[in-house]
Amino acid sequence: MNWTRLRVLTLAPGERHAFACGDAEWIVLPLSGACEVHCRALPGPAPQTPAGLDDAGPSLEEVPGPNPAAPAEAHGRQGPDPASLAEADGRQGAHSASPAFEARGSGGGAPGAESHLFRLRGRSGVFAGPTDFAYLPRDARAEIHSAAGGRFALAGARCTHRLPARYGPAETVPVELRGAGTCSRQVNNFAAATPTGFACDRLIAVEVLTPGGNWSSYPPHKHDEHHPGEESRLEEIYWFEIAPHGDTPGLGYHRVSPSPAGRTDLLQEVRTGDAVLIPDGWHGPSIAAPGHDMYYLNVMAGPGETREWLIRDHPDHAWIRSTWPGQPVDPRLPFPTTRAEDPR
């Protein structure tokens, strides 16, 4: 994948993971558990303040102890390009010994470097509601430490501009109920490309939760060509977690079919820890097996100068949208949320 990045870390209690951001911006998103994120922005051009961003300065979020977590092990099933999936492995690069790391709170590090400490409350699991998160700019170094252990997604995108490191509170994540009937799903738009959403340079990322038995990412749609005002060119990664039923592991299915601009052709059974890489093509549906709720993390980015999510529905299936106005949203939605207000 040229633009999108994804790593999923499983950290044991007390374990640390250090990495360089390189030429990509990253969001640290707790899947289960809490963590501390230390970030040191290396000397270089001053961070750019995006339009509409009021507070671009350092942020320190004080929180109580970590949430309990009992994450399932990812088994690394792969999508259409196995060689490209090395960074999506659940244990990639994790280690128990902490390397020398200069950022230990505000003011640490080399001369000219900006240091930040973000304490993420996290959550017990992906179906427990939106989580807080941390944004890390390109050309920075970071370390994630989890006292109680957990799983953490690093969603990234190769980018041009260095934005400020920032904290994203769970309480500000927009929750959207999309579709109707058996096409109902919930979208946690924590880094969606909206005028009032969380600012990134190129990264677009959301969480989608689908009740068991429903079809998500439907009608099939694509965004692999640049048509101003109609379609944006974006790669995409889907990372799945499927709820079990008792001792029975969950499963679902995901379809990618060839588009005029691409050749990707895939019908894949997906389970917890699987990732599907979508450089092009019509993608959808994502089908949740009855009795097994489906979660997926979407990570998108592309070469366009404007960060926007514009899609084109498959002409054979777009009609399904016209049936939604007369149907109720699945009563199982929204999923439990940590927010006080009704997300609808």
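Between region 124-151 and region 158-184, what is the C-alpha centre distance in whole Å?
15
Report, in cubic angstrom per residue, the convex hull volume of the C-alpha atoms of region 115-257. Each step should come with its number before you reach the end.
On the way: hull volume 21.9 nm³, N = 143.
Normalising the Cα hull of region 115-257 by residue number yields 153 Å³.
Calculate log10 I(q)/I(0) of region 156-211 for q = 0.16, 0.22, 0.28 Å⁻¹, where I(q) comes from the Debye formula with a single equal point scatterer on each Cα and nothing for solvent.
-0.57, -0.90, -1.18
Enter the accessible area per residue of region 156-238 (Å², integer; probe 1.4 Å; all protein chains in place).
Working: 2570 Å² over 83 residues.
I get 31 Å² per residue for this part.
What are the residues whose amide H is under 5 Å from the amide H of D293, where those residues sit 5 or more places off or on another chain and H is modelled from the backbone?
The list, which skips near neighbours in sequence, is G212, A243.
Please find the FRET efficiency linking D316 to H226, where r is the Cβ-Cβ separation and R0 is fixed at 22 Å, and quote it to the nearest 0.05. Mind dumping the intermediate values first?
On the way: r = 23 Å, r/R0 = 1.04.
For D316 and H226, the calculated efficiency is 0.45.
Please list 312-325, 204-217, 295-308 highest first by mean number of surrounding beta-carbon atoms within 10 Å per residue.
Numbers: 312-325: 12.9, 204-217: 23.1, 295-308: 20.6.
Taking the mean over residues of other Cβ atoms within 10 Å, the ranking is 204-217, 295-308, 312-325.
Enter the mean projected area of the convex hull around the alpha-carbon atoms of region 245-339, in nm², rounded to one decimal. Intermediate values should be presented prior to the final figure.
Values: hull surface 36.8 nm².
Here the figure is 9.2 nm², rounded to one decimal.
Report the convex hull volume per residue for region 181-333, counting only C-alpha atoms, in Å³.
Values: hull volume 18.1 nm³, N = 153.
Once divided by residue count, the hull of region 181-333 is 118 Å³.
The values are calculated or read from the model by the stated rules, or taken from the named source; none is laboratory data. Not measured: the values here are computed from a predicted model. Ideal geometry is used to build each Cβ from the backbone, glycine not excepted, and the neighbour counts take in all protein chains shown. Calculation scope for accessible area: heavy atoms of the full protein, side chains included, ligands and nucleic acids excluded. Shrake-Rupley method; radii C 1.70, N 1.55, O 1.52, S 1.80 Å.
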